[in-house]
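Here's the structure we're looking at; comments come further down.
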Amino acid sequence: ADFEARYEELELLGEGGFGSVFAGFRISDELPVRLMMNGEVNAVPLEVALTLKATGGPESTGSSAIISLLDWYDLDQELILVLERPVPCVDLSQYVKENGGSLQEHEIIMRQLVEAAMELHSKHVFHRDIKLENILVETGSDVPRVRVTDFSCSCFIRRGHYHLFSGTLECVPPEWYMHKRYRARPTTVWQLGVVLYGMLDGHTSFDTLKFLHSKLSINNCQELLRMCLSKVPKQRPTLEQLHSWCGRKISPERAGKMRQDERVWPNTLLIQNDPVSQPLSRPELE
């Protein structure tokens, strides 16, 4: 009753494995909001804690690349998260489609996403489901501004490996298929590479297994893509390295220098001709 007295629910914005997202507004001041409705109430404390940890709460609204949590309600069998809703905005998947399937401003967006990922990791939050649909693009200015949302698959960062995966199957890092384990930072870099792939070729849906068994088909940013999408986690760049290189066009000469630098990932650029050495099957997700 308290929720219904304070918020008005509008049209459905999207649906996923963890619930539905509706547009809405706060009745007292007509503030636009996103209403995330999740039926898995057993996960309430962790999901709320992670979202608050990542966003900083209502006082940080609009100041971060992370969509802020304004309020939340535990209604018996349903959890409702009330999040800020920038207007106008669309998710990155729709933005790519509206711009012909390939973004000219991919470098600007990629740099913002890397900075958002660094912010999350500095707060010890592992998103685990960075993808086109979980990124909003504010379209009210000449330069697009991206915002990261949906922490339903998130967890706190730890030093060791994770042995259960929660996220989107098509974006699973290859080490999960091969070894049934993964780490936070290399997985985040992999998923940023998946997003870059989607921004450059929005006509092709990314799938980890299909990608590992085929060649890259994108002419732009191939070196950066190959570094992020290396099959070997230790051969991917760190977020800090990725940040310093975002927006730069990596020439063959620079790529050659990277290969010679033992402090980064030798043989990283071999993905295109590096077939998977063993059959991969889809494991069960968490």
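The values are calculated or read from the model by the stated rules, or taken from the named source; none is laboratory data. Owing to the predicted nature of the structure, the values given are computational and were not obtained by experimental measurement. Positions of Cβ are backbone-derived with ideal geometry, glycine not excepted, and every protein chain shown enters the neighbour counts.
Filtering region 113-143 to residues that are surrounded by fewer than 20 Cβ atoms within 10 Å (Cβ to Cβ), in contact (Cβ under 8 Å) with a residue 40 or more places away in the chain and not aliphatic (A, V, I, L, M) leaves Glu115, Glu119, His121, Lys123, His124, Glu133, Glu138, Thr139, Gly140.
Hey, any hits in region 209-216 for a residue that's assigned to a loop (DSSP other than H, G, I, E, B), within 22 Å of Val90 (Cβ to Cβ) and either of a type in the set (Asp, Glu) or over 15 Å from the mean Cα position of the chain (by Cα) (or both)? No: region 209-216 contains no residue that is assigned to a loop (DSSP other than H, G, I, E, B), within 22 Å of Val90 (Cβ to Cβ) and either of a type in the set (Asp, Glu) or over 15 Å from the mean Cα position of the chain (by Cα) (or both). With a requirement of 2 or more residues that are modelled with pLDDT under 90 and outside the structural domain of Gly193 (by TED's automatic domain parsing), the strands (runs of 3 or more DSSP E) lying completely within region 1-106 that satisfy it span 7-16, 19-26, 31-38, 69-75, 78-84.
Residue-wise test of (1) at pLDDT 90 or above; (2) surrounded by 20 or more Cβ atoms within 10 Å (Cβ to Cβ); (3) polar (S, T, N, Q).
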| residue | (1), (2), (3) |
| --- | --- |
| Ile157 | yes, no, no |
| Gly160 | yes, no, no |
| Gly167 | yes, yes, no |
| Arg181 | yes, no, no |
| Trp190 | yes, yes, no |
| Gly198 | yes, yes, no |
| Leu209 | no, no, no |
| Ser214 | no, no, yes |
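Restricting the first member to region 91-102 and to residues that are closer than 16 Å to Val21 by Cα, and the second to residues that are among the small types (Gly, Ala, Ser) and part of a helix (DSSP H, G or I), the beta-carbon pairs closer than 8 Å and six or more apart or on different chains are Leu92/Gly198; Ser93/Gly198.
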